[in-house]
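S.K.: Right, I'll just put the structure down here and ask away after.
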Amino acid sequence: MSGENLGILVVGGGLAGIAAAVGLRKRGLDVLLVEKEVVPRDRFRGEYLQPFAVEALDELGFRSVIDALDARRVSELHFTDLKSDHTQVLSDLRVRYPRGSAARAMPNLTLNRELREVARRQLGERFLEGATAHFDNPGRLSDPEFTLTLQDGSKRQLRPQWVLGCDGRNSQVRKWMGGEPAHANGNVTFRAAPEFIVGAEFEARHGSGDVYEVIRTYGQGTLCLFQIGDNKLRLYWNTAASAPTNKSVWEGKLKALIDELPALHHLRGTNISRLMGTAADTQWLGPPARGRFLLLGDAVAITTPFGGQGMTCALRHVQHLVAAFDGCRLDSDLHAFLLRREYTRLVKKTFDHFSLVNFVVHFAFYRREIWAKPLAHHCIRTWNQHPELRDRAGRLFGGFDQDTPGVLELLNFSGLIEAARHPTSVLETLRTSFA
């Protein structure tokens, strides 16, 4: 089959696809980005850019995304753990992002619109919206051929040297590669029970607009809330996976919690303008490389839905990829082999890093069972007493530090080393937690 020769075909015009296409194009590579949706949909996801993600987008030339009109700066994480009556605070922790950096919170629709605007400016006719790609020679991963169907129904034949799959959790590119489908509902981290997240939008303002708030109730799940616009508040409630799928039930339970929690009294009587629910999980969907195909973002690894971890991972993948293609001969089999090997190593390392960090975060702050209260209380007290641990955790969670914590550091994070040194503090923690 004859067709148009192409350097790199990027499938999927979300954060990973646009960032990768623009980054590679700026380095002089022949890139074509295709996105099947003509206009982006408004979704409950991709609303929180950690400081690393903000800096990575800035370096790639996406300053207009960071400075979008309804992009809110977030400079602090605030965790509170409540006692059984929900009126008293068991433990309290504030973590500020390092070096004066800040996260950004914005509606997903704003994020995607701004990303597409940059893609149109940077890629021009090399960004095709409303286009779909069909893999014409399945099984030939080293010499792929495609039929591209454009928005007007016309077709183009393509012979790319590389294909990047940036098309999300249910990636069509991963299917072409022979990869496994994503499971419907897994676990958020090792040894955790399945969880369900209910998301709600309020036309309201939070008292502290630059704070990402995490409130753990007594056995009724954890609530996260942050401002995503001047008068738009996002609230996520993670609870048991057995939660009913009826939206009226979710709304009733959320309103009951709002009425019960003093920290949310400003939302009493405020209508919930939008509501959704989804299972929460973490999944490795690799391998990320086969033949001339590579996967980025949610197409290869789904991370916990806590504080924009997925977008941080996606931009790490973009950084790895842009660096790997720098100086790479696209038509060289040797370069292809070396690129696949190094990219696979780095992407798996990134996933394992965040899985380990989120293991600590989940067990320290997100477990809803009553037995987990003493652990959270002790961990928060340890971090407050040892600011170096708290600051290190902030750098890891914010995406700055890329090394993987060792066993001793994990024990430090959990407060277990402190407990071994001062066993009486453990007894005090137990007494206070269940008082």
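The values are calculated or read from the model by the stated rules, or taken from the named source; none is laboratory data. Every value quoted in this text rests on a predicted model; they were computed, and no experiment measured them. Positions of Cβ are generated from backbone atoms using ideal geometry, with glycine treated the same way; all protein chains shown enter the neighbour counts.
S.K.: Does ALA323 satisfy the condition of being closer than 27 Å to ALA102 by Cβ, surrounded by fewer than 17 Cβ atoms within 10 Å (Cβ to Cβ) and under 23 Å from the mean Cα position of the chain (by Cα)? Outline the logic, then answer.
M.R.: Values: closer than 27 Å to ALA102 by Cβ: yes; surrounded by fewer than 17 Cβ atoms within 10 Å (Cβ to Cβ): yes; under 23 Å from the mean Cα position of the chain (by Cα): yes.
It is true that ALA323 is closer than 27 Å to ALA102 by Cβ, surrounded by fewer than 17 Cβ atoms within 10 Å (Cβ to Cβ) and under 23 Å from the mean Cα position of the chain (by Cα).
S.K.: Against the conditions (1) in contact with a Lys or Arg (Cβ under 6 Å, 6 or more places away or on another chain); (2) outside the structural domain of LEU158 (by TED's automatic domain parsing), where does GLU145 fall short? Just the number, please.
M.R.: The single condition GLU145 does not satisfy is (2).
S.K.: Only one residue in LEU275, LEU294 is in contact with a strand residue (DSSP E or B) (Cβ under 7 Å, 6 or more places away or on another chain), farther than 20 Å from LYS349 by Cβ, modelled with pLDDT of 90 or more and part of a strand (DSSP E or B). Which one?
M.R.: Unique residue meeting the criteria: LEU275.
S.K.: Looking at the stretch 182-203, which of the residues that are more than 19 Å from the chain's Cα centre (by Cα) and at pLDDT below 90 is surrounded by the most Cβ atoms within 10 Å (Cβ to Cβ)?
M.R.: ALA193
S.K.: May I ask you to say which residue of LEU321, LEU334 is in the same structural domain as GLY178 (by TED's automatic domain parsing) and in contact (Cβ under 8 Å) with a residue 12 or more places away in the chain?
M.R.: Numbers: LEU334 fails: in contact (Cβ under 8 Å) with a residue 12 or more places away in the chain.
Being in the same structural domain as GLY178 (by TED's automatic domain parsing) and in contact (Cβ under 8 Å) with a residue 12 or more places away in the chain holds for just one of LEU321, LEU334, which is LEU321.
S.K.: Of the residues that make up the stretch 88-102, is at least one free of Cβ contacts under 8 Å to residues at least 40 places away in the same chain and among the polar types (S, T, N, Q)?
M.R.: yes
S.K.: Does LEU389 count as surrounded by 16 or more Cβ atoms within 10 Å (Cβ to Cβ), touching a Ser or Thr at 6+ places or on another chain (Cβ under 9 Å) and either acidic (Asp, Glu) or part of a helix (DSSP H, G or I) (or both)?
M.R.: On the way: surrounded by 16 or more Cβ atoms within 10 Å (Cβ to Cβ): yes; touching a Ser or Thr at 6+ places or on another chain (Cβ under 9 Å): yes; either acidic (Asp, Glu) or part of a helix (DSSP H, G or I) (or both): yes.
Answer is yes for this residue.
S.K.: Inside the stretch 1-92, counting only strands (runs of 3 or more DSSP E) that do not spill past its ends, which hold 1 or more residues that are within 20 Å of the chain's Cα centre (by Cα) and closer than 26 Å to THR350 by Cα?
M.R.: Details: elements: 4-11, 31-35, 72-74, 76-82.
Per the criteria, 4-11, 72-74, 76-82.
S.K.: Turning to a different aspect of this structure: Quick one: PHE226 ticks every box in (1) modelled with pLDDT under 85; (2) under 20 Å from VAL357 (Cβ atoms) bar one, so which box is it?
M.R.: Only one criterion in (1) modelled with pLDDT under 85; (2) under 20 Å from VAL357 (Cβ atoms) is unmet by PHE226, namely (1).
S.K.: Scan GLU409, GLU428 and give me the residue that is farther than 28 Å from ALA241 by Cα, modelled with pLDDT of 80 or more and among the acidic types (Asp, Glu).
M.R.: Working: GLU428 fails: modelled with pLDDT of 80 or more.
Just a single option satisfies the conditions, and that option is GLU409.
S.K.: Return the only residue of ALA71, ALA119, ALA133, ALA105 being out of contact with any helix residue (DSSP H, G or I) (no Cβ under 9 Å at 6 or more places or on another chain), under 25 Å from HIS317 (Cα atoms) and either crowded, with 19+ Cβ neighbours inside 10 Å or in the same structural domain as ARG41 (by TED's automatic domain parsing) (or both).
M.R.: ALA105
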